[in-house]
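Colleague: The structure that follows is given in the form of structure tokens.
The values are calculated or read from the model by the stated rules, or taken from the named source; none is laboratory data. Worth saying up front: this structure is predicted, and the values here are computed from it rather than measured. Neighbour counts run over all protein chains shown; Cβ positions are idealised from the backbone, glycine included.
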Amino acid sequence: MTRDVSQPLTQPAGAEGAPLGAAHPGHLGRSRGLQLRISERRLLMRLGDTGATVASVLLALWLWAREAGTPFTQDFFQPRAFWLVVLPALWLVLAVANNYYDLRVAARLRSSLTHLLAITLQLLILYLGAYFLAPRTLLPRDFFLFFAGASLVLTGFWRSCRLFLIGWTDFRRRTLIIGAGRPAELITHAIKEEAHGDYEVVGWVTSDHDTSPPPSGRGAQSGDPGGSGRDHRAR
């Protein structure tokens, strides 16, 4: 099992009640920055995506007005303000349908951009289908093409910045692995492969009666040893 150690630890680990906080004094004692839960990370991604798509609508409206030679004033904007709700909402529905908020997808630049491209293509297909089926002057064409391009660029930029930020240690949740042997090995490998940008394994703790070996390579990953409750009391 794993335990989040973003907050100070006072619970006992092991048969004789050694504090978990003693596992790695150097790692756990230093001041930490922002620590976000999984739900908070997904909320942050949704808020960032919403901001990027709303900005894309505004940019598309401005480009549309400029192309038409019309001043971008309140008289131009007000009758078209509903697009600020419709397009971001449609975009978010497609994002959820494409698992764009799966942390395994969001943590990798290639998969994140691939899913973003798929969302943009699906959005184009849906809108262009409605455009050709609707009366000729009902839906704007150039405006939507401007929006599709702007949302691809702005959302891609925002997601790329997020990937850079979560690479900083302060943005990763510290995790302590409780136990050893093969289960701990599998947990360590899964975190490293699937959620390395979201979790930082800072150590492992076993009971005094657990003789299973620690996860191989774990010390090389975080640079700190683990051990049992008795080991930590001796340090």
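Colleague: Could you check, for the range 148-164, whether at least one of its residues is surrounded by 13 or more Cβ atoms within 10 Å (Cβ to Cβ), of a type outside the set (Phe, Trp, Tyr) and modelled with pLDDT under 65?
Modeller: Yes, some residue in the range 148-164 is surrounded by 13 or more Cβ atoms within 10 Å (Cβ to Cβ), of a type outside the set (Phe, Trp, Tyr) and modelled with pLDDT under 65.
Colleague: Mind counting the residues in the range 78-108 that are surrounded by 15 or more Cβ atoms within 10 Å (Cβ to Cβ), of a type in the set (Phe, Trp, Tyr) and over 16 Å from the mean Cα position of the chain (by Cα)?
Modeller: Of the residues in that region, 2 qualify.
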